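Computed from the coordinates by the stated procedures, all read-outs in this text should not be read as laboratory data. Treat the numbers as computed from the prediction; the structure is a model and nothing was measured. Cβ coordinates were reconstructed from backbone atoms using ideal geometry, including for glycine residues, and neighbour counts include every protein chain displayed.
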Amino acid sequence: MVFPLYDDNSDRTITPVVNYAIIAVNILVFLFLQQLGTNDQFTYAFSTVPLEILTGHDVVTPSRVLVQPITGQRVLVPGLGVTPVSVYLTLITSMFMHGGLAHIGGNMLFLWIFGDNIEDKLGHLRYLVFYLVCGLLASLAHVFTTALFAGGDESSLLVPSLGASGAISGVLGAYILLHPKRRVTVILFRFLTDVPAYVAIGIWFVFQLISGLGVLGGSQKTGVAYAAHVGGFVAGLVLIKVFAIGRDRPSYPYGAR
C-alpha cells in the first residue's frame, strides 16, 4: 500500500486558505461536535443513510445490543437518531464527520498534500464548489450502488456513511489529471521514495476499485464506502477541466515566478 507524505509545491502561487479552512472545519467538528467520535447521537443524526436519501423520509431506529458469539461480549449499537434538518442535507454534513482518529487523520493528510494544488489551479471559490460537488456526487454514488446491490436486504440501506473521503477522492482525480508527473514522496511497501503522482494516486485508486468490487460481490456492511471513493474520483476526473475553464496561466519552471 502507498502512504503519501508530501509533494512538490514549489510552483504554488496562492495561499490555499479554502483548503486550510476545510481541514479546520473537519477537525473542529470531530473534536467538539462528535467529541472525538463518542457523540453517537450527533454522528448518527447527521450521517448519510441511503434509505433516507432514496425515500426522502427521516428514519429513526432503536439502539440494540449485539452479543459476540465467541466471547459473549455485549456491544451496544446506537440506533439512527432524529435528523433535525432535511435528510438531503446529510449528503453535505456527512462530508465533515469521521468515524475515528485514523479515519480523520488519513483523510486530512491526503487533503493537505493534494488539495492545495487544486485550489491553486481553480482559485478559492471554484475550489470550494468543486470540492462540495465531488463530495455530493460521491455520496450519491454510494447511495445508489448500495440500493442496486442490496438484494432486497433493507438493513444494508440503513447503514450510515460519513467522511470526507468522497470529496477528497475528487481532489485526487483532479490532481492525477492536472499533475500526473509531479513528484510525490511516499512510503511504498515500507520504503521511502519519490514517485510520480500517477503512481501514488494510481495505486490508491486500484486498491479502492478492487476493494469496492469485493464489497459489491458480498456485503455492503463493511463500514467503508468504496463506491463513494470511486465515484468521487471519477467525478473529479470529469469535472476538473470544466471548473478550470478560464483559469489557464503560463507554465513556469519549478521555483520560478
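At q = 0.23 Å⁻¹, what is the base-10 log of I(q)/I(0) for region 8-83 according to the Debye formula with one equal point scatterer per Cα and no solvent? Please give it to two decimals. So the normalised log intensities work out to -1.06. Whole-Hz Karplus values for region 18-29 come out as 5, 4, 4, 5, 4, 4, 4, 4, 4, 5, 5, 4 Hz, taken residue by residue from phi with 6.51 cos²θ - 1.76 cosθ + 1.60 and θ = phi - 60°; glycine and proline positions read x. Each peptide among 188-194, 232-238, 94-100 gets the average number of other Cβ atoms lying within 10 Å of its residues, and from highest to lowest they stand as 232-238, 94-100, 188-194.
Here the extension length gained between residue 77 and residue 154 equals 26.0 nm, from 0.36 nm per residue of separation less the Cα-Cα distance. For the peptides 58-64, 125-131, the ranking by packing is 125-131, 58-64, with the highest mean count of neighbouring Cβ atoms within 10 Å listed first.
Between residue 40 and residue 86, the distance separating the two model label sites (each 7 Å from Cα on the Cα→Cβ line) works out to 3.0 nm. In percent, rounded to a whole number, the relative contact order of region 2-243 is 26, using alpha-carbon pairs under 8 Å and six or more apart.
Each principal axis of the Cα cloud of the chain was taken in turn, and the coordinate range along them, longest first, works out to 62, 40, 35 Å.
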